[in-house]
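The values are calculated or read from the model by the stated rules, or taken from the named source; none is laboratory data. None of the values given here were measured: they were computed from a predicted structure. Here the Cβ positions follow ideal geometry from the backbone for every residue, glycine too, while neighbour counts run over all protein chains shown.
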Amino acid sequence: MPIIDAHAHLYPPEVNASPAAWAATRGEAHWATLCTRVRKSGRPVQGFPGVAELLRAMDAADVERVVLLGWYWETPATCAWQNRFYAECLRMHADRITAFAALHPGAGAAAVREEIARALDAGFRGLGELSPHSQGLAADDPVLGEALELAGELGLAVNFHVTEPDSKDYPGKIATPQEDFARLARAHPRTTFIWAHWGARAALAPGIGAEVRALDNVFFDTAASPLIYPPKIWREMADAVGAGRIVFGTDFPLVLYPARETAPSMRSLAGEAGASGLNAGELAAILRGTARRVLGI
Ligand SMILES: [Zn+2]
């Protein structure tokens, strides 16, 4: 079955050539902490493939289309720069690639509006992966609020990086309170939100769960799942919110099974989904149908 991978990242050649050095010159220390890290085993947490390798990984996993997400960069300049790179990727491979734009609300309302207009012109389908908390902004930042409202008007989906309050620590982890994202979803009911990483299981939580399940403009992606949750998460989330609110995403080029894989792959997570006890209809929705509907693909 053809698959849509709704959560991946890609960087220009100058990043891939020397990620840590690039980050140091661009003032992107938080990204470097997360992405250029080496595990205790001595292996890097992720690869730095180019577009050709991305397309090969897609072919190997029967992924017909990938959604390239921006990063929650520390500087507006890096956001704009990544968006230009993604626009070029779109121009070259519109048949295989969908893109979301990076944004830094700290750039100010006018600059953010301009960046969104450019993204829309270039054919981007959303904003994100956004993490205001990682960018040192309050979740009720007015420029962020304006961007989220505009996204709803323009039909752009918004992907939020959501982390679990009680999950194990990892270098660079930043608390991203689920209540903040729920408040934003309520404040912008016309905007479609995708909460990354299963929305940190907020939909299953005893306290906030019922409220999150009732937010019908909120969807969930499966990015990095095996690094965070056991495989029973697929069944639990499908039962809680329905497969029509779950989109498959890998977090490529992160290595998802570091105990047995040395290179990023999209195929292994699709395999985990297939073996997770979902029925054929649920699997088809999660691997393709929900993303098509939500992103208008
Ligand atoms: Zn991601």
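For segment 246-276, give me the residue count where each residue is of a type in the set (F, W, Y) and either in a helix (DSSP H, G or I) or within 13 Å of the ligand (Cβ to nearest atom) (or both).
Number satisfying all stated conditions: 1.
Every residue in segment 1-22 that is away from the ligand (no atom under 16 Å from the Cβ) and surrounded by fewer than 23 Cβ atoms within 10 Å (Cβ to Cβ), please.
Answer for segment 1-22, where residues must be away from the ligand (no atom under 16 Å from the Cβ) and surrounded by fewer than 23 Cβ atoms within 10 Å (Cβ to Cβ): M1, P2, P12, P13, E14, N16, A17, S18, A20, A21, W22.
Listed here are the residues, each with its yes/no results for (1) touching a residue at least 12 places away in the same chain (Cβ under 8 Å); (2) acidic (D, E).
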position: A138; (1), (2): no, no
position: E146; (1), (2): yes, yes
position: V158; (1), (2): yes, no
position: H161; (1), (2): yes, no
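Among the residues of segment 93-117 satisfying the criterion of being in contact (Cβ under 8 Å) with a residue 40 or more places away in the chain and part of a loop (DSSP other than H, G, I, E, B), which is surrounded by the fewest Cβ atoms within 10 Å (Cβ to Cβ)?
R96
Could you run through segment 179-205 and say how many residues are part of a helix (DSSP H, G or I) and surrounded by fewer than 18 Cβ atoms within 10 Å (Cβ to Cβ)?
Count: 5.
For segment 171-187, check the following and say yes or no: at least one residue is in contact (Cβ under 8 Å) with a residue 40 or more places away in the chain, in contact with a strand residue (DSSP E or B) (Cβ under 7 Å, 6 or more places away or on another chain), away from the ligand (no atom under 16 Å from the Cβ) and within 22 Å of R292 (Cβ to Cβ). Spell out the reasoning first.
Taking segment 171-187 as the starting set, the residues that turn out to be in contact (Cβ under 8 Å) with a residue 40 or more places away in the chain are 171-172, 174-177, 180-181, 183-184, 187.
Add one more test, that the residue is in contact with a strand residue (DSSP E or B) (Cβ under 7 Å, 6 or more places away or on another chain), and what stays is 181.
Within this subset, residues satisfying the condition of being away from the ligand (no atom under 16 Å from the Cβ) are none.
Checked segment 171-187: no residue is in contact (Cβ under 8 Å) with a residue 40 or more places away in the chain, in contact with a strand residue (DSSP E or B) (Cβ under 7 Å, 6 or more places away or on another chain), away from the ligand (no atom under 16 Å from the Cβ) and within 22 Å of R292 (Cβ to Cβ).
Any residue in segment 235-258 that is closer than 30 Å to T36 by Cα sitting within a Cβ distance under 7 Å of a residue that is among the β-branched types (V, I, T) and within 16 Å of the ligand (Cβ to nearest atom)? List the pairs, counting only those 6 or more apart or interchain.
Going by the 7 Å Cβ cut-off, the qualifying pairs are I246/T222; V247/I194; F248/I4; F248/T222; G249/T222; L254/V45; V255/V45; L256/T250.
Can I208 be described as among the hydrophobic types (A, V, I, L, M, F, W, C), over 23 Å from L156 (Cβ atoms), surrounded by fewer than 24 Cβ atoms within 10 Å (Cβ to Cβ) and under 16 Å from the mean Cα position of the chain (by Cα)?
no
May I ask you to list the residues in segment 217-245 that are outside any helix (DSSP H, G or I), crowded, with 24+ Cβ neighbours inside 10 Å and within 16 Å of the ligand (Cβ to nearest atom)?
Listed by number, the residues that qualify are F219, F220, D221, T222, A223.
For T176, state whether it is of a type in the set (S, T, Y), under 25 Å from L34 (Cβ atoms), surrounded by 22 or more Cβ atoms within 10 Å (Cβ to Cβ) and modelled with pLDDT under 95.
Working: of a type in the set (S, T, Y): yes; under 25 Å from L34 (Cβ atoms): yes; surrounded by 22 or more Cβ atoms within 10 Å (Cβ to Cβ): yes; modelled with pLDDT under 95: yes.
Yes; evaluated as a whole, the condition is true for this residue.
Among the residues of segment 246-266, count how many are surrounded by fewer than 16 Cβ atoms within 10 Å (Cβ to Cβ) and not aromatic (F, W, Y).
5
Give the residues of segment 118-151 that are in a helix (DSSP H, G or I) and either surrounded by 15 or more Cβ atoms within 10 Å (Cβ to Cβ) or within 16 Å of the ligand (Cβ to nearest atom) (or both), sorted by residue number.
Selection gives R118, A119, L120, V143, L144, G145, E146, A147, L148, L150, A151.
Would you confirm, using the coordinates I've provided, whether R235 is of a type outside the set (A, V, I, L, M, F, W, C) and under 18 Å from the mean Cα position of the chain (by Cα)?
no
State which residue pairs qualify: first residue without any contact (Cβ under 8 Å) to a residue 24 or more places away in the chain and farther than 21 Å from V63 by Cβ and inside segment 1-15, second residue of a type outside the set (A, V, I, L, M) and more than 15 Å from the ligand (Cβ to nearest atom) in any location, beta carbons under 9 Å apart, and separation of 6 or more residues or different chains.
Going by the 9 Å Cβ cut-off, the qualifying pairs are E14/W22.
Would you check which residues across segment 48-62 are more than 16 Å from the ligand (Cβ to nearest atom) and either touching a helix residue (DSSP H, G or I) at 6+ places or on another chain (Cβ under 9 Å) or under 18 Å from A101 (Cα atoms) (or both) and list them?
Correct list: G50, V51, L55, A60, A61, D62.
Give just the number: which of (1) farther than 30 Å from G136 by Cα; (2) outside any helix (DSSP H, G or I) does W71 not satisfy?
Result: W71 passes all but (1).
Looking only at residues that are at pLDDT 95 or above and hydrophobic (A, V, I, L, M, F, W, C) in segment 1-16, which one is farthest from A99 (Cα to Cα)?
So, considering only residues that are at pLDDT 95 or above and hydrophobic (A, V, I, L, M, F, W, C), the one farthest from A99 (Cα to Cα) is V15.
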